[in-house]
Amino acid sequence: VSNGDLRLGGKGKKLRKPRTIYSSLQLQALNQRFQQTQYLALPERAELAAQLGLTQTQVKIWFQNKRSKYKKIMKQG
(Lines give C-alpha, C1' and ligand atoms only; values in the text may rest on other atoms or scores of the structure.)
Protein backbone atom coordinates (compact mmCIF):
# COMPACT_ATOMS: atom_id res chain seq x y z
CA VAL A 1 0.00 0.00 0.00
CA SER A 2 1.46 3.32 -1.03
CA ASN A 3 -0.06 6.78 -0.62
CA GLY A 4 -3.36 5.28 0.51
CA ASP A 5 -3.79 3.51 -2.83
CA LEU A 6 -3.87 -0.25 -3.02
CA ARG A 7 -1.56 -1.83 -5.58
CA LEU A 8 -1.58 -5.30 -7.08
CA GLY A 9 1.73 -7.11 -7.51
CA GLY A 10 4.52 -4.81 -8.65
CA LYS A 11 2.47 -3.23 -11.42
CA GLY A 12 1.47 0.43 -11.44
CA LYS A 13 -2.28 -0.19 -11.48
CA LYS A 14 -4.13 1.47 -8.61
CA LEU A 15 -7.15 -0.18 -7.06
CA ARG A 16 -9.66 2.45 -6.02
CA LYS A 17 -12.56 2.14 -3.66
CA PRO A 18 -15.76 2.16 -5.74
CA ARG A 19 -17.44 5.52 -6.17
CA THR A 20 -20.06 6.24 -3.51
CA ILE A 21 -23.60 6.38 -4.83
CA TYR A 22 -25.68 8.60 -2.58
CA SER A 23 -29.41 8.04 -2.28
CA SER A 24 -31.76 10.92 -3.08
CA LEU A 25 -32.58 11.15 0.63
CA GLN A 26 -28.90 11.43 1.53
CA LEU A 27 -28.31 14.06 -1.16
CA GLN A 28 -31.31 16.05 -0.01
CA ALA A 29 -30.04 16.07 3.59
CA LEU A 30 -26.48 16.92 2.53
CA ASN A 31 -27.62 19.79 0.29
CA GLN A 32 -29.94 21.10 2.98
CA ARG A 33 -27.11 21.15 5.54
CA PHE A 34 -24.77 22.76 2.99
CA GLN A 35 -27.26 25.61 2.55
CA GLN A 36 -27.16 26.18 6.30
CA THR A 37 -23.37 26.04 6.58
CA GLN A 38 -20.59 25.21 4.15
CA TYR A 39 -18.32 23.90 6.91
CA LEU A 40 -19.11 21.21 9.47
CA ALA A 41 -17.44 20.86 12.85
CA LEU A 42 -16.30 17.35 13.72
CA PRO A 43 -19.26 16.55 16.02
CA GLU A 44 -21.72 17.85 13.39
CA ARG A 45 -20.04 15.73 10.73
CA ALA A 46 -20.19 12.64 12.96
CA GLU A 47 -23.87 13.23 13.72
CA LEU A 48 -24.80 13.81 10.08
CA ALA A 49 -22.85 10.74 8.95
CA ALA A 50 -24.59 8.58 11.55
CA GLN A 51 -28.03 9.92 10.57
CA LEU A 52 -27.44 9.22 6.89
CA GLY A 53 -25.65 5.90 7.24
CA LEU A 54 -22.44 7.26 5.71
CA THR A 55 -18.89 7.39 7.00
CA GLN A 56 -17.47 10.66 8.29
CA THR A 57 -14.97 10.57 5.44
CA GLN A 58 -17.76 10.34 2.86
CA VAL A 59 -19.49 13.38 4.40
CA LYS A 60 -16.20 15.30 4.59
CA ILE A 61 -15.33 14.60 0.95
CA TRP A 62 -18.87 15.45 -0.20
CA PHE A 63 -18.64 18.84 1.52
CA GLN A 64 -15.17 19.47 0.07
CA ASN A 65 -16.41 18.67 -3.44
CA LYS A 66 -19.57 20.74 -2.99
CA ARG A 67 -17.56 23.78 -1.80
CA SER A 68 -15.26 23.41 -4.77
CA LYS A 69 -18.18 23.25 -7.23
CA TYR A 70 -19.88 26.18 -5.49
CA LYS A 71 -16.75 28.35 -5.73
CA LYS A 72 -16.32 27.40 -9.40
CA ILE A 73 -19.92 28.40 -10.17
CA MET A 74 -19.59 31.67 -8.23
CA LYS A 75 -16.39 32.48 -10.11
CA GLN A 76 -18.12 31.99 -13.47
CA GLY A 77 -20.97 34.34 -12.74
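The values are calculated or read from the model by the stated rules, or taken from the named source; none is laboratory data. Fair warning: this is a prediction, and the values are worked out from it, not measured in the lab. The accessibility values were calculated without ligands, DNA or RNA, using every heavy atom of the protein model including side chains. Shrake-Rupley method; radii C 1.70, N 1.55, O 1.52, S 1.80 Å.
Its relative contact order, with pairs defined as Cα atoms under 8 Å and 6+ residues apart, puts the chain at 17 percent.
For the chain, a Gaussian network of Cα nodes joined below 10 Å ranks Q58, Q28, Q36 by mean-square fluctuation, and the top entry is Q36.
By the Stokes-Einstein formula, at 1.306 mPa s and 10 °C, region 16-56 with its Kirkwood radius over alpha-carbon pairs has D equal to 145 µm²/s. The 3J(HN,Hα) values that the Karplus relation (6.51, -1.76, 1.60; θ = phi - 60°) gives for region 28-37 are, in residue order, 4, 5, 5, 5, 5, 5, 5, 5, 6, 8 Hz. Gly and Pro appear as x. Per residue, the convex hull spanned by the alpha carbons of the chain comes to 138 Å³. Per residue, the solvent-accessible area of the chain (1.4 Å probe, heavy atoms of protein chains only, all protein chains present) comes to 84 Å². Each residue of region 72-77 was assigned a 3J(HN,Hα) from its phi angle through the Karplus curve 6.51 cos²θ - 1.76 cosθ + 1.60 (θ = phi - 60°); the sequence is 5, 5, 5, 5, 6, x Hz, with glycine and proline shown as x.
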